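Some notes on the structure that comes next.
Bear in mind these aren't lab numbers, they're just calculated from the coordinates by the rules spelled out. Keep in mind that what you see is a predicted model, and the values were worked out from it rather than measured. FYI the Cβ positions are ideal-geometry reconstructions off the backbone, even for glycines, and counts take in every protein chain you see.
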Amino acid sequence: MATLNEWIAGSRPRTLPVAVAPVAAGTGAAYALDNGNPGYALLALLVSLLLQIGVNFANDYSDGIRGTDDSRVGPVRLVGQGLAQPSSVKTAAFACFGAAALCGLALVALSGTWWLLIAGALAIVAAWKYTGGEHPYGYMGLGEIFVFVFFGLVATLGTTYTQAGSIDLSAVAAAVGIGAIACAILVVNNLRDIPGDTVSGKRTLAVRIGDAATRKLFTAMFAVALVAAVVAAIQHPWAIIALIGLVPSARSVRTVNHGATGRDLIPPLATTGITILAYGVLFGLGLFLSR
């Protein structure tokens, strides 16, 4: 039990914030369209949270059996550190994916947005294929693209569409901003893991473009989020309060750009998780207030 608690604690900086942020922002966008639905928002949150937990278990399993985590710096890894049987971790991953699928099915059935089942199925496949299967895209430097698409665009706009039946410019802007910060979490995580990933053959984007460019990319993601909030404020002025949510990122950007490595990059990872949560909630609140 202690081991599982440590694993959960290590995953928390990105799991809960990345799950809550798109749902909060997407629900705010739905209210701005005069069609918010708290019940649908709760189902969307369950889908998002279960997918996030499932991804964490899946990555732990896949990286562990490949030996990628043998010399990893960071939180507890169940398989890589020999703390749990690989089969048990894999089962936990698919249990979470199955529960997410059931919640997603309930959401599309109630909202009548049946075509979103395709997006949901693709999200589950993407969650597994990030580090799983014969050709994991996370090992080819494509992780940031899929994070942006599924934990930014799909999660945010899917939340809005199931409630409002439509989307607008502010919803798209929110999705882009959330996706950018979600990518920043992955970027700083992979920046920390460059030495180990290079040795193990995991060709993440950070490994491919190098240390210096990865640090610049991290900063650029927050710039994208800032512009997204300004764009949304053109249509819904209160959306500008999302910029307050970016305040915690200043310390992370400074730490990363001053050359932090290894364990010194763990605090920026946690702070970026706080940033996406604050940004998403404030973005959603701003859109709600502007309706």
Exercise. In whole Å and largest first, what semi-axes does the C-alpha gyration tensor of region 242-290 yield when each eigenvalue is scaled by 5 and square-rooted?
Worked result: 27, 9, 4
Problem set entry | Fully extended contour minus Cα-Cα distance, from A223 to T198, at 0.36 nm per residue | 6.2 nm
For this session: Only helices at least 24 Å long along their axis, Cα-based, and averaging 0.0 or more on Kyte-Doolittle count here, so list those DSSP H runs from the chain.
Result: 2-32, 38-66, 86-111, 169-192, 211-235, 266-289
For this session: Would you please state which residues of region 139-163 a label at L42 would reach in this model, taking the label point 7 Å out along Cα→Cβ and a backbone N cut-off of under 20 Å?
Result: 159-163
For this session: Sum -39500 (n - 2.57) across every DSSP H segment of at least 4 residues in the chain, then divide by the residue count to get the 222 nm mean residue ellipticity, nearest 500.
Result: -24000 deg cm²/dmol
Seminar exercise, completed: Straight-line reach check, K129, cutoff 21 Å on alpha carbons, 8 or more apart in-chain or any other chain, hits among lysines -> K90, K202
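Residue separation times 0.36 nm, minus the C-alpha to C-alpha distance between R254 and I118: what's the value?
Here the answer is 44.9 nm.
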Seminar exercise, completed: Taking the square root of 5λ for each eigenvalue of the C-alpha gyration tensor of region 2-289, the equivalent ellipsoid has semi-axes, largest first and in whole angstrom, of 30, 23, 15
